[in-house]
Structure formats: C-alpha cells, structure tokens
1. How big is the dipole moment of the stretch 52-170 about its Cα centre under a simple scheme where the beta carbon of each Lys and Arg is +1, that of each Asp and Glu is -1, and everything else is neutral? Debye, nearest 20, please.
2. So what's the back-of-envelope 222 nm ellipticity for the chain, counting only DSSP H runs of four-plus at -39500 (n - 2.57) apiece and dividing by all residues, rounded to 500?
3. Would you mind checking the pairs K19/K225; K2/K344; K225/K344 and listing those with alpha carbons more than 31 angstrom apart?
4. Counting other C-beta atoms within 10 Å, which of I232, I392 has the fewest, and how do the rest follow?
5. Once amide H atoms are built 1.01 Å from N in the peptide plane, which residues 5 or more positions from N82, or in another chain, come under 5 Å H to H?
6. What whole-number value in cubic angstrom gives the convex hull volume per residue for the C-alpha atoms of the stretch 265-353?
7. What dipole magnitude, in Debye to the nearest 20, does the stretch 190-415 give about its Cα centre under +1 on Lys/Arg Cβ and -1 on Asp/Glu Cβ?
8. What percent do you get for the relative contact order of the stretch 88-165 when only Cα pairs under 8 Å and 6+ apart count?
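Please treat every number below as a calculation from the coordinates, not as lab data. Because the structure is predicted, anything quoted here is derived from the model rather than measured. Virtual Cβ from ideal backbone geometry, glycine too; neighbours counted across all protein chains shown.
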Amino acid sequence: MKKALAVAKWEYLEKVKSKTFLIGLLLTPVLMIGMGVLPTYFAGQEDDRTRIVGVIDQTGELAPRFAEKLQKRYTLANGQPNYVVRVLAMGPAIDLRREVDEAGKLAAAESIDGVCVITSGVYSDSVVEFRSTSLGDFRIAGRMQEVLHDIVAEKKVLALGLDPGILKQLRIHVSVEPVKISKTGEKDSAGFETVFLSAYVFLMMLFLLIVTSGQMLVRSVIEEKSNRIVEILVSSCSPTDLMAGKVLGLSGLGFTQMAFWALIAVVVALQFGVSIIDPGNAALLVVYFILGYLFYAAVFIGAGSPLNTEQEAQQVTSYLVIVLILPLALALPAMKNPDALWLKVLTYIPFLTPTMMALRIPIQMPSVMEIVATVLLMVGSIYLAMVAAGRIFRIGILLTGKSPKLIEILRWARNG
C-alpha cells in the first residue's frame, strides 16, 4: 500500500501541475456557463432592422388588417416598425400557384424577407404558410400566427353578431406552474428548471470527469509502455500497486476538479440566491458519483492496458463515451415519466446505474430498497471490475507489438 500511495502521489502532482489540467480546470466551467447562457442571450436579441414581409391573401379581406396590426404591434428599439407588410396579391380570383411562385422569386432575390400565404380555407382549417429562404427566426412565424389568430377570431365574432370587444374580456392568461411535493406531501422549493438543471449538470460533470480522467489513465499507461518506463516501475513495485496508485492518483485529480467546480456553483448560487439542489439529494448523488467514477476507472484501465497506440486508445474510449452519452439523451424522457419500467431496468445495468440514478433522484426519489440495491450492485461491480482490471493490467502492461484479441483479454480477466 505504501508503494501504491507513492505512485498515486506522483501521478497526482505531475498532472495537477500541468498546463493542460489548469487550463481545463478554469476553462470547463466557463464553457459550460457559456453554453447555457449565450444561446439564450442571443435568442432573446431583438431585430436591428425592419423586415419586409409579403402577403398573398386569397380571402381578399384579411391582408389590410393583418398589415396594420403586425406593423403597430411590433416595433424596433428606435420606434420604427419591426415589420413592413407588402401586399403582393389579394382576392379570391388570383392564381394562387403563380403568385406563390413569383413571391418565391422575390424572396430568393432578397427583395422581401418572406411571404405569408393566406388561403381561402383559413376560416375552417386555420393553416397559413410562411415561406422564406431562412426559417431560423421562429419569432416571425409565431408573431404572424398571433396576429392572424386575433383577426380571424374578430371576424368570427362579428359573423355571430357579437361585440369584438368581448374577445379582450375572454382572453385570460392562465399559467400552470409545476410544483414538486416531498414524501410528506409538503411543497418542495425546487421547480422544474432547478430539478432538470441539477440532474443535467450532475450528468455533465460525471461525464467530463470520467472521460478526461479515463483518457488520462489510458494515455499514461500507453506512454509508459512506449517509453519502456513501465518495466522499471514494475521492477520497483507490483503491477497491483502500480494500478492502484494510478487509479488513486487520477481519482484525486478528478475529485479536485469536481470540488473546484462545485465551489464555483455554490458561490454563484449564493450570490444570485438560486437554490441548486436539496442537500439530502446532493449527498446521495455524491455517493453515486464516487461509485460511478471508481467503476469506470477500473473499466478504462482494464481496457487501456493491452493497447499500444493512441489510435487504439481513442477507438476503445469512444465506445465507452457512447455509453456515457446515452443518459444525456434520455434526460427529457426520464423527466416526463420517472416511473417508466425501461428507466428502472436501465438503473440495474452497472454501466448506467450512476447516471440513471442521477436522473431519477432529483425528479422523483427512488425507494429505499432501490437505493440500497443499486449501491450494493455498484460496490460488487467495482470489486469485480477492479479484480478483472488487475488481472488484465498485470499481463497487458508488459505486452508490446500486436494488440490481443477481445477473447484473449476476457480470458486474462477470468483466469489472470
């Protein structure tokens, strides 16, 4: 154990002082915050120019009112209208196909930003097309939909002989706010955004930690094998001590990253008065975080020790990364149905247990039986993975030349 700790200390100090680690330590939270904040910021930016919108109105009666309401309702910061409506054709006798083709040419030539096609069936099927060379700005279609909805509603109210002013009285905004309740039935302060964000951030942190530390583990072994340093190391300590030292050293490095990022999150939360996650849930997530990391550390070092080149390492680690990405893709379905059978089944697959529980705990706390069962499952899986990794490591670190086949590696893991 003394030799393993010496290896761990060396691995930790060598990596923690490297420029790559320090840059990643500071840059990763900046990138994560940027990825979360910047898209929202830019999506919320208003237009800085007036857009010209063409209208083809087969009803012959909606275009003028549409132009008036759209131009008055939406304006730029300088007071100018956000949209100027250009009526291209209007009336039931127009050749709709020809007019749409002509409008398409105007849009392609950038004479107009798009064309709104109102057919005679708008009162029954309420389908209106907005044709444009770029559909990236969803606000244009949404605003047109809102204005046309108001106009068609007014027409229908007038046709019934009612006062159009009654629409304002009937237009009441009702907001349904999801509120989570605890096991005791009391209101939980965490809203949907907080719950989803806490689960997603945990998954991202675990993903980044496992990928970066796992790749460092594999790269460290390959580098020492290629430089023949591993032969000197094995002459000074046993392969088991060497493997344990590497896992402990790089685990300490990974947990240093997590502690630093968690400290930033706490400071930001306290500064802006944001509730991140329930302390009880956080403690449980930390348990799965550690168990998941140790399991994947064993898998990475077991998979990486027989390899000889960076290309082979990238190919093997890419398969493990795919497994880690899967829970990120399942985050929204899990939020919608946390009691789904498929979600509970995935929870009992050791490769997915930490991440699946990270999704379920903030959303809806699993039963005590499930928590105990999954923790015991992970402890047993870690033990078996460490034993198998140790057997592979003892043979693989001294192996050079052609990499062994999978069946051969499995035989090492079983028999040592």
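1. Details: 14 positive and 16 negative charges, 55 e Å.
Rounded to the nearest 20 debye, it is 260 debye.
2. Working: 16 runs with 277 residues, N = 416.
Computed mean residue ellipticity for the chain: -22500 deg cm²/dmol.
3. Working: K19/K225 23 Å; K2/K344 41 Å; K225/K344 41 Å.
Over 31 Å Cα-Cα: K2/K344; K225/K344.
4. Numbers: I232 10, I392 27.
With the sparsest Cβ surroundings first, the list reads I232, I392.
5. Here the answer is Y74, T75, L76, since their amide H atoms fall under 5 Å of that of N82.
6. On the way: hull volume 13.2 nm³, N = 89.
Once divided by residue count, the hull of the stretch 265-353 is 148 Å³.
7. Details: 13 positive and 11 negative charges, 113 e Å.
About 540 debye.
8. Working: 46 pairs, mean separation 14.2, N = 78.
It rounds to 18 percent for the stretch 88-165.
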